[in-house]
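FYI, it's all coordinate maths here, none of it is from the lab. Quick caveat, the model's predicted, so the values are computed rather than measured. All Cβ positions, even for glycine, are placed from backbone atoms using ideal geometry, and neighbour counts span all protein chains on display.
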Amino acid sequence: MTMRTPRSTEPSLTNPESSKVRKPQLALLLVCALLGGACASTLSAATSAGRLLLSNALMNQGQDDIEPVPRIKERLAAAERAASEGDFDRAESLLQPLHSLAPNAERVLLLSARIALARTEPASALLPLQALQRMHPSVAEYSYLLGVARLALSDLQNAEVALRRAIELAPKNHLAWAGLGLSLNGLDRHQEARAVLGEALRLRPESIEARAAMSESLEGSGELDAAEQEATAALTGNPEHAKALLVLGMVRMKQGLFAEAKDFLLRSLESSDTPGKAHYQLSLAYTRLGDRESSSQHYQLYKQSQDAMEERILTLRGQVPGGSSSP
């Protein structure tokens, strides 16, 4: 069984511990989670997966307008270099002809997906990642990246399926465990998430994303003191971590400290790529503080966020082969 896992130099879309932060954060993981920074040298990870095999039919067509095989390989290598340097426009320009010349080549599909994820365009990553997962079902990295993309699109049930598959193939990938925990939190399965995130933290105790997600699980389970402790620990590593700030705001709401809750929630909005929950909590906080106008504004923003998310998921189900049942 071929075992491939993301390396520590992943772009922050797929590596929450990346030193380069941009919005939206993935996770995801990531995340959700997870998500900023330029694609790193791991864009060449597919090289270790195997040599690029182009179609014999393509090689034998003999048409004048088709680039020779060495030139195709040079173009692909140049696209990978450009992406690793963060020049995604040039990478996409170099890659564009290869979509028709070698549409099923592993490195072409993987680079397409990585460019989309690095640009925080996870919907564009779905088709190449699904193709990679079908063609190479034993490669953990492809299931992992597919789970990250679905997590970023709030397609939580299918994200869970893909991330569980990634963990089955590569059980020591702490990012996959963290992403699965984020998915379970989003599905309000906080007790399950706690066990999953505990494994993520066992594998990588310094993971800020896993710790922030654990604080969310604890808050959802009603353990406010423990949730505050974990959120505070996450903020030690990243003082503007959106999820940790959101959790502290929700803890303060349950403690009846509405002014403090408002301050944490407003800070969460500044760095969040999924602001819906913060807007909803702010609508409650402003109601308790007697500011009905601000409460109404944030509730409307919450509704807009929810409507946009639902529309996005419906669009995906209509466009992606297999709909919502496809991992």
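Kirkwood radius and radius of gyration were both taken over the C-alpha atoms of the stretch 151-190, and their ratio Rg/Rh is 0.95.
Using the Karplus relation 6.51 cos²θ - 1.76 cosθ + 1.60 with θ = phi - 60°, the per-residue 3J(HN,Hα) values for the stretch 216-222 come to 5, 4, 5, 4, x, 8, x Hz, with x marking Gly and Pro. Shape analysis of the stretch 153-219 places it in the oblate category; the axes a ≥ b ≥ c from the Cα gyration tensor give an a/c of at least 1.5, with a/b not above b/c.
Ellipsoid fit via the Cα gyration tensor, the stretch 171-327: semi-axes of 26, 23, 12 Å, each the root of five times an eigenvalue, largest first. For the stretch 283-295, 3J(HN,Hα) computed residue by residue from phi via the Karplus equation (6.51, -1.76, 1.60; θ = phi - 60°) reads 4, 5, 5, 5, 4, 5, 8, x, 9, 5, 5, 5, 4 Hz, glycine and proline entered as x.
Work out the FRET efficiency for Asp263 and Arg134 from their Cβ-Cβ distance, taking R0 = 41 Å, and round it to the nearest 0.05. FRET efficiency, Asp263 to Arg134: 0.30. Listed from fewest to most Cβ neighbours within 10 Å, the set Asp188, Asp263 follows the order Asp188, Asp263. The distance from the alpha carbon centre of the stretch 214-274 to that of the stretch 108-124 is 31 Å, rounded to a whole number.
With all pairs of different C-alpha atoms in the average, the Kirkwood value for the hydrodynamic radius of the stretch 99-244 is 15.7 Å.
The Glu311 and Gln229 beta-carbon pair, evaluated with R₀ = 45 Å, returns a calculated FRET efficiency of approximately 0.75. Counted by neighbouring Cβ atoms within 10 Å, the residues Met250, Met309, Met214 run from fewest to most as Met309, Met250, Met214. Sequentially through the stretch 148-155, phi angles give Karplus couplings (6.51, -1.76, 1.60; θ = phi - 60°) of 4, 4, 5, 4, 5, 8, 6, 8 Hz, Gly and Pro residues having no value and appearing as x.
Largest first, the extents of the alpha carbon coordinates of the stretch 69-173 on the three principal axes equal 40, 25, 24 Å.
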